[in-house]
Amino acid sequence: MVTGDGGVAAYVIKVGIPETTGDRFAFPSQKTMYGGKRIAAGDTIFLFASENEGGAGLVARGVVTAAESVPRRPGIERQTPRVSLSVRRTTSATRPLGRRELRPFDAWDDGRPETELNFKLYRQATNKIICISATTAAFLAGCCEDG
């Protein structure tokens, strides 16, 4: 997928990650928002350990090795699309970046990557997969070992 600004799509998942030092992760039936349902194998993904579950924010960058849409449950009219993912870590985060660091960025139309992350991840604090802009992906890459 190509984003509106000409870059290749990248994603963020905010979820409970009990073992943040692993090389491979499986995330079954994850809620998607902000274009997250379009995630596919080969896409770049940044992993945020959810503060709602004791995590501290950004822990790694990875590549999606498998993505599968979860079928909607019959009889429920409004359902958030869900996806099951497998991810391989490619690098680790080198600096803290979570709710505490992003909270000051609340001018929703300022175009800053920190603001995009604060809005999409923490305005509604549920765990989720989101699509991010190329600018925000570059910002997050700069927070990881090989930038």
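From THR32, THR44, THR65, grab the single residue that is within 21 Å of GLY142 (Cβ to Cβ), among the hydroxyl-bearing types (Ser, Thr, Tyr) and in contact (Cβ under 8 Å) with a residue 12 or more places away in the chain. Give the steps one after another, and end with the answer.
Numbers: THR32 fails: within 21 Å of GLY142 (Cβ to Cβ); THR65 fails: within 21 Å of GLY142 (Cβ to Cβ).
Result: THR44 is the single residue among THR32, THR44, THR65 that is within 21 Å of GLY142 (Cβ to Cβ), among the hydroxyl-bearing types (Ser, Thr, Tyr) and in contact (Cβ under 8 Å) with a residue 12 or more places away in the chain.
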- request: Take the stretch 113-147 and flag every residue that is at pLDDT 95 or above, charged (D, E, K, R) and over 26 Å from VAL70 (Cα atoms).
  value: GLU114, GLU116
- prompt: So PRO28 clears everything in (1) within 17 Å of TYR122 (Cα to Cα); (2) modelled with pLDDT of 95 or more except one condition, right? Which one?
  reply: (1)
- prompt: Residue check: is LEU102 in contact with an Asp or Glu (Cβ under 7 Å, 6 or more places away or on another chain), touching a residue at least 12 places away in the same chain (Cβ under 8 Å) and buried (at least 20 other Cβ atoms within 10 Å of the Cβ)?
  reply: yes
task: Go through (1) in contact with a Gly (Cβ under 7 Å, 6 or more places away or on another chain); (2) under 23 Å from GLN30 (Cα atoms); (3) without any contact (Cβ under 8 Å) to a residue 60 or more places away in the chain and name the single condition SER92 misses.
output: (1)
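The values are calculated or read from the model by the stated rules, or taken from the named source; none is laboratory data. Fair warning: this is a prediction, and the values are worked out from it, not measured in the lab. Cβ coordinates were reconstructed from backbone atoms using ideal geometry, including for glycine residues, and neighbour counts include every protein chain displayed.
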